[in-house]
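The values are calculated or read from the model by the stated rules, or taken from the named source; none is laboratory data. Predicted, not measured: the structure shown is a model, and the values here were computed from it. Glycine gets a Cβ as well: all are built from the backbone with ideal geometry, and neighbour counts include every protein chain shown.
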Amino acid sequence: MTRIFSALVIGLIFGAGIALSGMANPAKVLNFFDVAGSWDPSLAFVMGGALVVTAIGYTFVLKRKAPVFDRLFHLPTRRDIDRPLLAGSAVFGIGWGITGFCPGGAIPALGLGYSDAWVFVGSMVAGIALARLARHTMAARAAGKAV
């Protein structure tokens, strides 16, 4: 129960930060990408502030032997840059640039009443499902199994 409550509090803090900074507003995000027009640099400051807080947090947290609610830290072990990473990054960036939403900003935007966020989140869930299905199908074909 403590683990769920902690996740709830952390999610509320994150969502409040996204909402207060205006990053749940797709127009504000799209203005960041509009360098030749109505450029708004505030997204860079929000991201920079988040990086500073994260770097400080990781410095203290990773000195512990284990996280508070788990047996061990689940950190990425792969360091290579492969095709799925590049493709996923490209799709993420294109989607963010077209819609003004990223997953972190779209979820709080649901609660703020942005109707476009519902379309984005639904499309995101469908895209995740399709990507998993495609990956499963390709893995099955590579293993020589009928799909």
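Worth pointing out:
- Only residues that are assigned to a loop (DSSP other than H, G, I, E, B), surrounded by fewer than 17 Cβ atoms within 10 Å (Cβ to Cβ) and small (G, A, S) were counted across the range 1-29, and they come to 1.
- Residue that is nearest to A7 (Cα to Cα) [pool: residues in the range 77-121 that are modelled with pLDDT of 90 or more and loosely packed, with under 10 Cβ neighbours inside 10 Å]: T77
- Take the conditions (1) within 19 Å of the chain's Cα centre (by Cα); (2) assigned to a loop (DSSP other than H, G, I, E, B); (3) surrounded by 12 or more Cβ atoms within 10 Å (Cβ to Cβ); F32 misses just one of them, which is (2).
- Entirely in the range 40-144, the helices (runs of 4 or more DSSP H) that have 1 or more residues that are touching a residue at least 60 places away in the same chain (Cβ under 8 Å): 83-99, 103-111, 115-142
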